[in-house]
Amino acid sequence: MADSGDIPAGLRAPDDCGEASIVTRLEDGRAICIRTVTPGDEGRLRAGIAAMSPRSRYLRFFSGGASPPDWVIERLLDADGVLHLAWGALDLTDPAQPAMGVVHAMRPDAGDAVAEFSVGVVDAYHGLGVGRLLTATLLIDAAAGRMEALRAHVLSENDAARSFIKWLGGVHL
């Protein structure tokens with residue numbers, strides 16, 4: 001975790017990051033904030049999805065549309081910390097602090113040990129470790145909430161996601 005003194009004063013965002021947050025740096029040295037997703041993140045979420053290429057949106061949402069339907073956005077923002085865990089990454093080097101990516105684990109009931117896993121990273125941040133950091137954060141949170149396994153629906157042509165899940169120890173069922 002980066003010391004907030006290492007981040008230039010104009011780029012610090014402790015209030016924006018919230019109580020459940022981590023300020024750290026990517027492999028390229030860029031300062032980021034990883035924090036829980038809230039309903040107040042709707043604008044950032046919509047902007048992040050719009051910034052994804054049509055191909056990335058297709059691979060993530062199984063549709064290349066400019067934006068998923070409102071019900072999908074509402075579901076992605078409805079994280080309660082029990083049935084739905086959601087963490088996002090913000091770029092602290094950009095004054096607008098845009099969303100870099102988000103990761104989710106959703107389960108239908110608190111007693112269910114298996115949750116649906118998804119991760120999405122805006123194209124401009126691919127290859128910097130954003131997805132790995134978000135997933136590591138989610139896995140720690142999921143284990144604390146007694147989520148024992150994650151399940152993901154991935155298109156067969158999404159080689160990057162399939163490789164990432166395999167790297168995490170996942171198996172194809």
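Nothing in this text is a laboratory measurement; each read-out follows from the coordinates by a stated rule. Computed from a prediction, not measured in an experiment: that's the story for all the values here.
Couple of notes before you dig in:
- Between the Cα long axis of helix 130-144 and the first principal axis of the chain there is an angle of about 70°, rounded to the nearest 10.
- Quotient of the Cα radius of gyration of region 17-79 and 2.2 N^0.38 Å, N being its number of residues: 1.28.
- Helices in the chain, meaning DSSP H runs of at least 4 residues, each add -39500 (n - 2.57). Divided by all residues, the mean residue ellipticity at 222 nm is -9000 deg cm²/dmol.
- Principal-axis tilt of helix 42-51 within the chain, Cα atoms, nearest 10 degrees: 80
- Rounded D (µm²/s) - region 75-131, Kirkwood Rh over Cα pairs, Stokes-Einstein at 10 °C, 1.306 mPa s: 128
- Measuring nothing but alpha carbons in the chain and taking Rh as the Kirkwood radius, the Rg to Rh ratio lands at 0.94.
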